[in-house]
Amino acid sequence: MSEIRIVRDYPHSPLKVWRALTDPALIPRWTSTGKGARAVGFRPVAGTRFQFVAKPMPGWRGIVDCEVLEVRERELLRYTWVGAEGETPSEVAYLLEPTDAGTRFTYHHTGFTGVGGFAMAKVLGAVRRKMLTTGLPALLAELDENGVSVARGGPAAGR
């Protein structure tokens, strides 16, 4: 079984990082360094079914079906991931830990199986690394400590 595990330290509070990761209005802004997925129907509430919707590409319909499994606000978000119809769900976890300098964020995606799963983990891993190294830091720089978009002059969707 293959997995993706990415750990990044951000000089921002867990509240700010949590908002960037879980506010549906903000998600496309940091995922834009990948394929710019919108989280349609997402709420950080266990049992919520939602979709990441992006531009379709050859071999991919542009939709990932998900269900929120567990939420501990500002600490943990776990959800299922089904990138193709009939695919066995894999699982994604976002873990936030406060540090003296800000927040340690761990992205962990498990459940890839077989040769196809190994290949998918390689592709998704490269995209996620770019999102978490380029996209998320750029968004965090635009937010105040309460998750309000300073550059755009408006509040993030409240939570």
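The values are calculated or read from the model by the stated rules, or taken from the named source; none is laboratory data. Just so we're clear, the structure is a prediction, and the values are computed from it rather than from any experiment. Quick reminder, even Gly has a Cβ in these numbers, built from the backbone with ideal geometry, and neighbours come from all protein chains shown. Each accessible area value is taken on the protein alone, full model and side chains, heavy atoms only, with ligands, DNA and RNA left out. Shrake-Rupley method; radii C 1.70, N 1.55, O 1.52, S 1.80 Å.
Go through the residues of segment 10-26 one by one and say whether even a single one is among the β-branched types (Val, Ile, Thr) and either within 11 Å of residue 103 (Cβ to Cβ) or buried (at least 16 other Cβ atoms within 10 Å of the Cβ) (or both).
Going through segment 10-26, the residues among the β-branched types (Val, Ile, Thr) turn out to be 17, 22.
Remaining after also requiring either within 11 Å of residue 103 (Cβ to Cβ) or buried (at least 16 other Cβ atoms within 10 Å of the Cβ) (or both): 17, 22.
Yes, there is a match, as at least one residue in segment 10-26 is among the β-branched types (Val, Ile, Thr) and either within 11 Å of residue 103 (Cβ to Cβ) or buried (at least 16 other Cβ atoms within 10 Å of the Cβ) (or both).
Scanning segment 95-110 for residues that are out of contact with any Asp or Glu (no Cβ under 9 Å at 6 or more places or on another chain) and either buried (at least 18 other Cβ atoms within 10 Å of the Cβ) or at pLDDT below 95 (or both) returns a single hit, 107.
Just to check your reading of the model, which residue among 59, 36 is open to solvent by 20 Å² or more (accessible area, probe 1.4 Å), without any contact (Cβ under 8 Å) to a residue 12 or more places away in the chain and not hydrophobic (A, V, I, L, M, F, W, C)? Spell out how you get there, then give the answer.
Details: 36 fails: without any contact (Cβ under 8 Å) to a residue 12 or more places away in the chain.
Unique residue meeting the criteria: 59.
Would you point out the residue of segment 62-88, among those that are open to solvent by 70 Å² or more (accessible area, probe 1.4 Å) and modelled with pLDDT of 95 or more, that is nearest to residue 14 (Cα to Cα)? Within segment 62-88, the match that is nearest to residue 14 (Cα to Cα) is 74.
Quick one: which strands (runs of 3 or more DSSP E) sit completely within segment 1-109 and have at least 3 residues that are of a type in the set (Asp, Glu)?
Values: elements: 2-10, 38-40, 49-53, 63-72, 76-81, 90-99.
Once the strands (runs of 3 or more DSSP E) in segment 1-109 are filtered for at least 3 residues that are of a type in the set (Asp, Glu), what remains is 63-72.
Filter segment 70-109 down to residues that are among the aromatic types (Phe, Trp, Tyr) and farther than 18 Å from residue 122 by Cα and give me whichever is nearest to the chain's Cα centre (by Cα). Walk me through it before giving the result.
Of the residues in segment 70-109, the ones among the aromatic types (Phe, Trp, Tyr) are 79, 81, 94, 105, 107.
The next check asks that each one be farther than 18 Å from residue 122 by Cα; those that pass are 79, 94, 105.
Values: 79: 10, 94: 7, 105: 11 Å.
Residue satisfying both the conditions and the ranking: 94.
For beta carbons closer than 6 Å, sequence separation of 6+ or different chains, a first residue in segment 112-128 that is closer than 13 Å to residue 91 by Cα and a second that is open to solvent by less than 50 Å² (accessible area, probe 1.4 Å) and of a type in the set (Ser, Thr, Tyr), the qualifying pairs are 112/2; 112/90; 117/2; 121/2. Reported count of residues in segment 76-135, each being more than 19 Å from residue 33 (Cα to Cα) and touching a Gly at 6+ places or on another chain (Cβ under 6 Å), is 2.
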